[in-house]
Amino acid sequence: RGYFLELYKSKIIRKRFPFSCISLSKKNVIRGLHLQMKNPQAKYISVLKGKVLDVAVDLRKNSKTFGKVFKIILSERNSKSVYLPKGFAHGFCGLDKENYLLYSCSNYRNKNSELGIIWNDKDLKIKWLVKKPIISKKDKNNITLRKFRKKFY
C-alpha cells in the first residue's frame with residue numbers, strides 16, 4: 001500500500017530548522033563536500049527516494065576528530081537520517097537512478113559564504129562507491145583539506 005514515516009521529533013533532536021530544501025541527484029552524481037562559513041548550518045538529512053552514500057568531514061577548528069570522514073548509507077528503505085553539527089562539510093553520491101534528499105538546516109543559505117572541499121582529496125581517501133562519477137563544474141574547483149586548514153586555521 002505504501003508507508004508513513006516520521007522524519008523528525010524535536011524531543012529527540014532539540015534543534016530548530018528554519019530552512020529546508022530538497023535536492024534531486026541522478027545515479028553516480030557526487031555532490032560536495034560543502035559547508036557554509038558565515039552563519040554555519042547544522043543539518044538534518046533524510047532520503048525521500050533512492051539511496052545515497054552520505055559523507056561528512058569534521059572541520060571544526062579544535063575538534064579531536066578534525067579531518068575525520070564519517071560515512072553512512074541513507075535510503076528510503078532503511079529510513080535512516082543523519083544529523084550534522086555546524087562545522088562539518090557534507091557530500092553524497094547517488095546510488096539509485098533518482099535520489100531525493102531533504103535537508104533541514106539551522107540557518108538560511110548564504111551563497112556568498114559557501115565553500116567546498118574537493119571530493120577526491122588525497123588526504124581524506126573517501127571511497128565513493130561509484131566508478132564513473134558525475135561532478136559539477138563548481139565542485140571540481142573545490143579546495144583541498146590542506147588549503148582549507150591553511151586558509152582558515
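Restricting segment 110-121 to residues that are surrounded by fewer than 19 Cβ atoms within 10 Å (Cβ to Cβ) and within 15 Å of the chain's Cα centre (by Cα), the residue that is modelled with the highest pLDDT is 120. Taken together, the residues in segment 92-131 that are within 23 Å of residue 79 (Cα to Cα) and not in a loop (DSSP other than H, G, I, E, B) amount to 11.
Selection of segment 30-47 for residues being aliphatic (A, V, I, L, M) and either under 13 Å from the mean Cα position of the chain (by Cα) or at positive phi (or both) yields 30, 33, 35, 42, 45, 47. When 95, 124, 84 are screened for being over 12 Å from the mean Cα position of the chain (by Cα) and within 14 Å of residue 32 (Cβ to Cβ), only 124 passes. Within segment 64-79, the set of residues being more than 16 Å from residue 31 (Cα to Cα) and without any contact (Cβ under 8 Å) to a residue 24 or more places away in the chain comprises 64, 65, 66, 68, 78. Looking only at residues of segment 33-87 that are in a strand (DSSP E or B) and of a type in the set (Ser, Thr, Tyr), we find that the one that is surrounded by the fewest Cβ atoms within 10 Å (Cβ to Cβ) is 83. Kindly indicate whether any position in segment 4-27 is modelled with pLDDT under 95 and touching a Lys or Arg at 6+ places or on another chain (Cβ under 7 Å). So far as segment 4-27 goes, yes, one or more of its residues are modelled with pLDDT under 95 and touching a Lys or Arg at 6+ places or on another chain (Cβ under 7 Å).
Figure legend. Inter-residue proximity from segment 125-144: first residues surrounded by 14 or more Cβ atoms within 10 Å (Cβ to Cβ), second residues assigned to a loop (DSSP other than H, G, I, E, B) and of a type in the set (Lys, Arg), beta-carbon distance below 9 Å, spacing 6+ or different chains. Indicated pairs: 130/27; 134/27; 144/122. For residue 107, the criteria (1) crowded, with 16+ Cβ neighbours inside 10 Å; (2) out of contact with any Asp or Glu (no Cβ under 7 Å at 6 or more places or on another chain); (3) at pLDDT 95 or above; (4) within 17 Å of residue 43 (Cα to Cα) hold in every case but one, which is (3). Would you check if residue 97 is of a type in the set (D, E, K, R), under 17 Å from residue 22 (Cα atoms), loosely packed, with under 15 Cβ neighbours inside 10 Å and without any contact (Cβ under 8 Å) to a residue 40 or more places away in the chain? Answer is no for this residue. Does residue 87 qualify as being touching a Ser or Thr at 6+ places or on another chain (Cβ under 9 Å), on the phi > 0 side of the Ramachandran plot and modelled with pLDDT of 95 or more? Yes.
The values are calculated or read from the model by the stated rules, or taken from the named source; none is laboratory data. Note that this is a predicted model, so its numbers are computed, not measured. Methodologically, a virtual Cβ is constructed for each residue, glycine included, from the backbone with ideal geometry; neighbour enumeration extends over all protein chains shown.
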